[in-house]
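Okay, so here's the structure we're looking at.
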Amino acid sequence: MGQRGDEPAELLPPGQRVQRGWPVTHYGPVPKFRPERWEFSVFGATADGAKRSWNHDEFSALPYASVVADLHCVTKFSMLGSEWGGIPARTILETVPPAPAVSHVMVWAEYGYSANLRLADFGSDSALFATHKDGELLTAEHGFPLRLVVPHLYAWKGPKWVRGIEYMTADRRGFWEERGYHNLGDPWREQRYSYQEQPGDGPDL
């Protein structure tokens, strides 16, 4: 959600602070973008059982939208009111429908990085495969050519350098979720770490 008033503290989840500027945070090296090799795929439990893939030009031609939304990093900084531009996650769900039994997705990125999401979180109004921030193309350090933005969850749930989506009929932990981060990642409930999980929040570690 974007800014709603003049008191940023009212907009901040517990334990967060307002960040001026955008720090670079990620695990591992920045991948080199090779457009001739780039592909985005949707696979797993699709409605028709088939995998669907787009090359970079095809994916870039999908309907573009923008959303004004905040970004909350688990390292305790928040950026308020950024304008993100790209392809809504709902467009992917409409173009390649999941099977009725699908409850979660796994977002796959370069180097095998992954993040799991409930289907409802992935399909939320503000979830977006971002190519731009504040009208400018993302830089490589911030996820170019594609990063997922899911504003109502901590930012690790929106990986940089996304390459595909796997539809799943059961939950499975992603990269950071296997390494001690909370399976759900709601900043307003301060769901930072797996030791905070309640029964039903995620599969066993």
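The values are calculated or read from the model by the stated rules, or taken from the named source; none is laboratory data. Because the structure is a prediction, the values reported are computed rather than measured. Backbone-built Cβ (ideal geometry, glycine too); neighbour counts: all protein chains shown.
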Within 16 Å of Val107 (Cβ to Cβ), polar (S, T, N, Q) and touching a Ser or Thr at 6+ places or on another chain (Cβ under 6 Å) - does that describe any residue in region 38-51? yes
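Would you call Ser66 out of contact with any strand residue (DSSP E or B) (no Cβ under 6 Å at 6 or more places or on another chain), modelled with pLDDT of 95 or more, surrounded by fewer than 19 Cβ atoms within 10 Å (Cβ to Cβ) and polar (S, T, N, Q)?
Details: out of contact with any strand residue (DSSP E or B) (no Cβ under 6 Å at 6 or more places or on another chain): no; modelled with pLDDT of 95 or more: yes; surrounded by fewer than 19 Cβ atoms within 10 Å (Cβ to Cβ): yes; polar (S, T, N, Q): yes.
When the stated conditions are applied, Ser66 does not pass them.
Restricting region 155-166 to residues that are among the aliphatic types (A, V, I, L, M) and under 19 Å from Glu58 (Cα atoms), which is surrounded by the most Cβ atoms within 10 Å (Cβ to Cβ)?
Out of the qualifying residues, it is Ile165.
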Pick from region 73-95 the residues that are assigned to a strand (DSSP E or B) and out of contact with any His (no Cβ under 9 Å at 6 or more places or on another chain): which of them is surrounded by the fewest Cβ atoms within 10 Å (Cβ to Cβ)? Gly81
State whether one or more residues within region 126-135 are without any contact (Cβ under 8 Å) to a residue 40 or more places away in the chain and either within 16 Å of Ile165 (Cα to Cα) or surrounded by 15 or more Cβ atoms within 10 Å (Cβ to Cβ) (or both). yes
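Could you pull out the residue among Gly21, Gly28 that is of a type in the set (Gly, Ala, Ser), touching a residue at least 60 places away in the same chain (Cβ under 8 Å) and assigned to a loop (DSSP other than H, G, I, E, B)?
Values: Gly21 fails: touching a residue at least 60 places away in the same chain (Cβ under 8 Å).
Going through Gly21, Gly28 in turn, the sole match is Gly28.
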List the residue pairs whose Cβ atoms are under 9 Å apart, where the first residue sits in region 181-205 and is of a type in the set (Gly, Ala, Ser), the second is loosely packed, with under 13 Cβ neighbours inside 10 Å, and the two are 6 or more positions apart or on different chains. Ser194/Arg179; Ser194/Gly180; Ser194/Leu205
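Sort out which residues of region 43-63 are within 20 Å of Ser126 (Cα to Cα) and touching a residue at least 60 places away in the same chain (Cβ under 8 Å), and write them in order of number. Before you say what the answer is, go through the steps one by one.
Within region 43-63, the subset within 20 Å of Ser126 (Cα to Cα) is 59-63.
Phe59, Ser60, listed by residue number.
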Considering residues of region 178-205 that are more than 23 Å from Ala99 (Cβ to Cβ) and touching a helix residue (DSSP H, G or I) at 6+ places or on another chain (Cβ under 8 Å) only, the residue modelled with the lowest pLDDT: Leu205
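Give, as residue ranges, the strands (runs of 3 or more DSSP E) completely inside region 104-205 that count at least 3 residues that are of a type in the set (A, V, I, L, M, F, W, C) and either in contact with a Phe, Trp or Tyr (Cβ under 8 Å, 6 or more places away or on another chain) or under 30 Å from Asp48 (Cβ atoms) (or both).
Values: elements: 104-109, 114-118, 128-133, 147-149, 162-168.
Filter on region 104-205 gives 104-109, 128-133, 162-168.
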Considering only residues of region 140-154 that are over 17 Å from Val67 (Cβ atoms) and hydrophobic (A, V, I, L, M, F, W, C), which is surrounded by the fewest Cβ atoms within 10 Å (Cβ to Cβ)? Ala140
